[in-house]
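Some notes on the structure that comes next.
The values are calculated or read from the model by the stated rules, or taken from the named source; none is laboratory data. If you're wondering where the values come from, they're calculated on a predicted model, not measured in any experiment. All Cβ positions, glycine included, derive from the backbone under ideal geometry; neighbour counts span all protein chains shown. When the accessible area is computed, the model is the full protein with side chains, heavy atoms only, and any ligands, DNA or RNA have been set aside. Shrake-Rupley method; radii C 1.70, N 1.55, O 1.52, S 1.80 Å.
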Amino acid sequence: MENENKSSAGEVCVVCDARKEDGIHLYTSFVCTECEQEMVQTQTFDPKYQFFIKKLKRVNTPPLYS
């Protein structure tokens, strides 16, 4: 069974939930280039910082299937 986030039209970003072509993988999750750039430029006192923290909590070590 193929990963449901992958297609010829890109992958779904774990932050913005949009399907994008370019980005990075964190374990089995995908973060688009636009979100990655916005995250690294966001100051810790910015309210958007907490938004990114909440979204990135969805990224965790891949589950082990037995």
### Query
What number of residues within the range 27-52 satisfy the criterion of being open to solvent by 60 Å² or more (accessible area, probe 1.4 Å) and not acidic (Asp, Glu)?
13
### Query
Which residue pairs have Cβ atoms closer than 7 Å, lie 6 or more positions apart in sequence or on different chains, and pair a first residue in the range 24-45 that is free of Cβ contacts under 8 Å to residues at least 60 places away in the same chain with a second residue that is of a type in the set (Phe, Trp, Tyr) and open to solvent by 50 Å² or more (accessible area, probe 1.4 Å)?
THR42/TYR49; GLN43/TYR49
### Query
With (1) modelled with pLDDT of 95 or more; (2) under 21 Å from GLY10 (Cβ atoms) as the list, and LYS48 as the residue in question, which single condition is left unmet?
(2)
